[in-house]
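The values are calculated or read from the model by the stated rules, or taken from the named source; none is laboratory data. Every value quoted in this text rests on a predicted model; they were computed, and no experiment measured them. Every residue, glycine as well, gets a Cβ built from its backbone with ideal geometry; the counts of neighbours run over all protein chains shown.
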Amino acid sequence: MTLESHSIVTLGYYGPEFARLHTGWFWQSMDEAHVRTRRLINEIWSEAYLYFIDRYLDEHGVFWTAFHEYIAEDIEVDSGFDIQGADYYEYYLASKALDDQRLRARWYAAYEMELGMVLICEECGKAQHTLMVRPAVYRRGRGLPSKCSDCIFK
């Protein structure tokens, strides 16, 4: 089911254009916290870690970004390094996904498939864009909830 307009979700948390990361600005930023994040994670980064992103993209499509903490934990187990201690590790992971042509294409395709999709709340009957489901809610249920945000958080 779709809503007629989906413009409100085009820059949502789940999309590849979140925080305009698709422009590559994160790799160029001279902001001290961004530089520190890149330096810390680059020290341990292996392209093999893209597998962890790929796995969540396979399982959850565009909602893979709701699991950035789990992806970080997988990398930490392998590397022994606490990447969650880096301020912008989520931006780092998303930027790495965007740099990989195959992951970028799959992320955009998953996003396009989800645009305009809605869930109908089993409690109040209200339609809510699926891309507006909070990451913590998606992650907790490991999928889309049966209720809208208003009913979940009332």
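Of note:
- Condition check for residue 144: within 30 Å of residue 28 (Cβ to Cβ) and of a type outside the set (Ser, Thr, Tyr): no
- Residue count for the stretch 96-131 satisfying the condition of being crowded, with 17+ Cβ neighbours inside 10 Å and in a helix (DSSP H, G or I): 11.
- Yes/no for residue 134 being surrounded by fewer than 18 Cβ atoms within 10 Å (Cβ to Cβ), in the same structural domain as residue 72 (by TED's automatic domain parsing), within 18 Å of residue 68 (Cβ to Cβ) and touching a helix residue (DSSP H, G or I) at 6+ places or on another chain (Cβ under 9 Å): no
- Cβ separations smaller than 6 Å between residues 6+ apart or across chains give the following pairs from the stretch 43-60 residues that are assigned by TED's automatic domain parsing to the domain that holds residue 111 to residues that are acidic (Asp, Glu): 50/100; 52/74.
- Restricting the stretch 49-90 to residues that are among the hydroxyl-bearing types (Ser, Thr, Tyr) and farther than 23 Å from residue 140 by Cβ, the residue that is farthest from the chain's Cα centre (by Cα) is 79.
- Residue check for residue 84: closer than 30 Å to residue 116 by Cβ and either modelled with pLDDT under 95 or not hydrophobic (A, V, I, L, M, F, W, C) (or both): no
- Checked against (1) surrounded by fewer than 20 Cβ atoms within 10 Å (Cβ to Cβ); (2) at pLDDT below 95, residue 50 passes all but a single condition, namely (2).
- Just one of the numbered conditions (1) touching a residue at least 40 places away in the same chain (Cβ under 8 Å); (2) farther than 18 Å from residue 22 by Cβ is not true of residue 150: (1).
- The single condition among (1) buried (at least 19 other Cβ atoms within 10 Å of the Cβ); (2) within 16 Å of the chain's Cα centre (by Cα); (3) assigned to a loop (DSSP other than H, G, I, E, B) that residue 145 does not meet is (2).
- Out of 83, 71, sole residue that is without any contact (Cβ under 8 Å) to a residue 24 or more places away in the chain, touching a Phe, Trp or Tyr at 6+ places or on another chain (Cβ under 8 Å) and not hydroxyl-bearing (Ser, Thr, Tyr): 71
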